[in-house]
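For reference, the structure discussed in these notes is given below.
Bear in mind these aren't lab numbers, they're just calculated from the coordinates by the rules spelled out. Since the structure is predicted, the reported quantities are computational estimates derived from the model, not experimental observations. Neighbour counts are summed over all protein chains in view; Cβ atoms, including those assigned to glycine, are modelled from backbone coordinates with ideal geometry.
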Amino acid sequence: DAKTTQPNSMESNEEEPVHLPCNHSTISGTDYIHWYRQLPSQGPEYVIHGLTSNVNNRMASLAIAEDRKSSTLILHRATLRDAAVYYCILRPTSGSARQLTFGSGTQLTVLP
Amino acid sequence: DTGVSQNPRHKITKRGQNVTFRCDPISEHNRLYWYRQTLGQGPEFLTYFQNEAQLEKSRLLSDRFSAERPKGSFSTLEIQRTEQGDSAMYLCASSLAGSQYTQETQYFGPGTRLLVL
């Protein structure tokens, strides 16, 4: 299965944009890229997903490289509530497609 | 609250005891997942139900673990003869069938934190 690589931790100042990178150099052509986040003492929550085009929703934006070997989750204006572990996950169309395969994620710290 | 609920939220038990956790998914969701998360790691898949059928089990799900979803609604996860290594957060998630797995969104509960002494 294709794997993802994320930095262990990142810091951001409150009210500034945050760019969270994810490398997935072995991604297959039909694998979707999903992002979840996990706030302290909570279960993960869905953030956004995409295939090839950049995607926007109320929580974040997802920028996908043209070769699809990397992607970036963008929080346009970080708040203290955005402090969480962010997971970049590939959803394949074959094999163990049903479950989410989490890595260690990126721990985002937001500084006031 | 119409989200995924899990009970209990915390459980402390002694080694060798049996424990059972319950998950109530979002009402119209017919897919249900169990994951386990240890400190500092991402969640790991344990098992998956579509309606009442258990369709997939991870190698992590030893024979001491059993999960059921008798009427396709709530689910229970039982651990028999608990060991200290079973200490973890047990997460339940649900999703709506009809979406392709590649685009599926899973909704997680708050988890049950188990401590085995």
State all residues of the stretch A:36-60 that are among the aliphatic types (A, V, I, L, M), within 20 Å of residue A:24 (Cα to Cα) and away from every other protein chain (no Cβ under 11 Å); if no residue qualifies, say none.
A:55, A:60
Filter the stretch A:10-37 for residues that are aliphatic (A, V, I, L, M) and under 12 Å from residue A:108 (Cβ atoms) and give the result.
A:10, A:18, A:20
Quick check on the stretch A:15-33: of everything there that is within 12 Å of another protein chain (Cβ to nearest Cβ) and either farther than 16 Å from residue A:65 by Cβ or among the charged types (D, E, K, R) (or both), which residue is surrounded by the most Cβ atoms within 10 Å (Cβ to Cβ)?
A:31
In the stretch B:56-97, what count of residues is obtained for those that are exposed (fewer than 13 other Cβ atoms within 10 Å of the Cβ), within 14 Å of another protein chain (Cβ to nearest Cβ) and without any contact (Cβ under 8 Å) to a residue 12 or more places away in the chain?
1
Looking for something surrounded by 20 or more Cβ atoms within 10 Å (Cβ to Cβ), farther than 23 Å from residue A:105 by Cβ and β-branched (Val, Ile, Thr) - is there at least one such residue anywhere in the stretch B:44-55?
no
Looking at (1) of a type in the set (Ser, Thr, Tyr); (2) under 25 Å from residue B:39 (Cβ atoms); (3) over 12 Å from the mean Cα position of the chain (by Cα), which is the only condition residue A:46 fails?
(3)
Being of a type in the set (S, T, N, Q) and over 16 Å from residue A:87 (Cβ atoms) is the filter; apply it to the stretch B:25-46 and report the residue that is farthest from the other protein chains (Cβ to nearest Cβ).
B:27
For residue B:79, work out the one condition from (1) in contact with a helix residue (DSSP H, G or I) (Cβ under 9 Å, 6 or more places away or on another chain); (2) on the phi > 0 side of the Ramachandran plot it doesn't fulfil.
(2)
